[in-house]
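Here is the structure we will look at.
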Amino acid sequence: MNRRRTPRSVSAEDLLTTLQSLTARARREVEFHQARVELAQALQRDMLPATLPELPGLRTAARYAPARDGLDIGGDWYDGFALADGALGFAIGDVQGHDVEAAAFMGQVRIAMRAIAGTISDPGEVMGRTNDLLLSVDSGLFATCTFLRLDPHTWELRSARAGHVASIWATVDGRSGVTEDPGGLPLGIQTGERYPVTRRTLDADGAIVLLTDGVIEGPSLLIEDGLERVRRLVAAHAGESADALADGVLGAAELTGHEDDAAVLVLRHAPARSR
């Protein structure tokens, strides 16, 4: 009697072997991906500043939230630092791409901007030189960014923008708006790009809020609608602390249905007479 296995039983064994192989491969890929996510998280956490500079009459706060599923971490950043002449520099930005490469590129942008801002006072030139330096390393990535420089004596705020989303401002006396500052291309796209500088004086009790698009844009929300929503929020709470404002604005990101990370940077300034 022929007791050889039937073609059906052979096929079932082959299928089981294939499933076991695919399962082992998937497990390895998941473990590898998880390791990359954890590395990106560590890079992001260590590269963001632990504290932000402040002055009498100026309080600052920042918040960062990773992407909901952890897959898109690494793109957004904020920074704040004191300069040798007593001025303060602030920046916020968003790297195209995610994961470890984006986190590493974010670190390059932040370090380059700090170094250049330490020797050049014009924000537009700081942005331009940072752009050219990033292009020289040929990483293939680019970043949007806003850079501000605050003079502690005149309270003049000079800013330059590289393809980044607009900022929000509001005063305690009821005025508010979305900045419409001119800007240039994102950093890392074209050499020799010029970045116009906008000047404004912080002469009222209020706040300036810088953010990334993860706060105001998502599958269910257009960026214009998101900006208007945050403008109303900041206008209604302009008299609150920098920390409270930062918490409130970051909370608005939960309403976008976003899958991206999100960052918020708040400058809460007092009127000149109280400084």
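Where a number appears in this text, it was derived from the coordinates with a stated rule and is not lab data. None of these values were measured; they are calculated from a predicted model. As a convention, Cβ positions derive from the backbone with ideal geometry for all residues, glycine included, and neighbour counts pool all protein chains shown.
Below, the figures for the structure above:
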item: Environment charge at Ile92 (Cβ cut-off 13 Å; Lys +1, Arg +1, Asp -1, Glu -1); result: -2
item: Segments 150-156, 181-187, 163-169 sorted - mean Cβ within 10 Å per residue, highest first; result: 163-169, 181-187, 150-156
item: Pair Glu228, Asp243: separation of 7 Å Cα→Cβ label points (nm); result: 3.4 nm
item: Size descriptor, Kirkwood hydrodynamic radius, that averages inverse alpha-carbon separations across the range 51-269, Å; result: 17.2 Å
item: Arg200 versus Val172: modelled label distance in nm, points set 7 Å from Cα along the beta carbon direction; result: 1.8 nm
item: Relative intensity, log₁₀ I(q)/I(0), of the range 93-146 from a Debye sum that treats every alpha carbon as a point, q = 0.15, 0.22 Å⁻¹; result: -0.38, -0.78
